[in-house]
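None of the figures in this text is laboratory data; all of them are computed from the coordinates on show. Only a predicted model underlies this, so the values are computations on that prediction, with no experimental measurement involved. Note: ideal-geometry Cβ built from the backbone for every residue, glycine included; neighbour counts use all protein chains shown.
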Amino acid sequence: MRISSPATALLLLAACSDRPADTQVLAKVEAEQSAAAADEGRVKCALAGAAALERVCGVERTQEARGLVLTMRHPDGGFRRLLVTSDGRGVVAADGAERAKVAIVDPTEIEVALGDDVYRLPATMRAAAK
């Protein structure tokens, strides 16, 4: 069996131990993994109507004649495309018949619902690392 993350390994060890899990250690590991995923360009998403957001969706940025297009890559190979606007709406669906619904989560994040997929994006997208 392959353990895919340090947090998973810690949870398994805690389950096998008589001692309660150190929640501070687990929280630190989860925060480090979240920061690493963000640095790799992944964002939180809930796909196909899932209730929980997970940092598993990739973001590709492409400059086109009509503006910056964000391609939201799903772990299963699926994707959605969003066009970044300059009129205050944030993003709109770049193609397709479904309309993107944008909600402000806090001053640093927006939530974009497109069909039954939801994405949590930074309010200002960082440029890709060079």
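Observations on the model:
- Verdict on L121 being among the aliphatic types (A, V, I, L, M), over 16 Å from the mean Cα position of the chain (by Cα) and part of a strand (DSSP E or B): no
- Among the residues of the stretch 72-95, just one is in a loop (DSSP other than H, G, I, E, B) and of a type in the set (K, R), namely R89.
- Cβ pairs under 7 Å, 6+ apart, first in the stretch 83-108 and free of Cβ contacts under 8 Å to residues at least 24 places away in the same chain, second of a type in the set (D, E, K, R) and in a strand (DSSP E or B): D95/R81; A103/E111; V105/E111; V105/R120
- When residues of the stretch 37-71 are limited to those that are in a strand (DSSP E or B) and acidic (D, E), the one nearest to the chain's Cα centre (by Cα): E54
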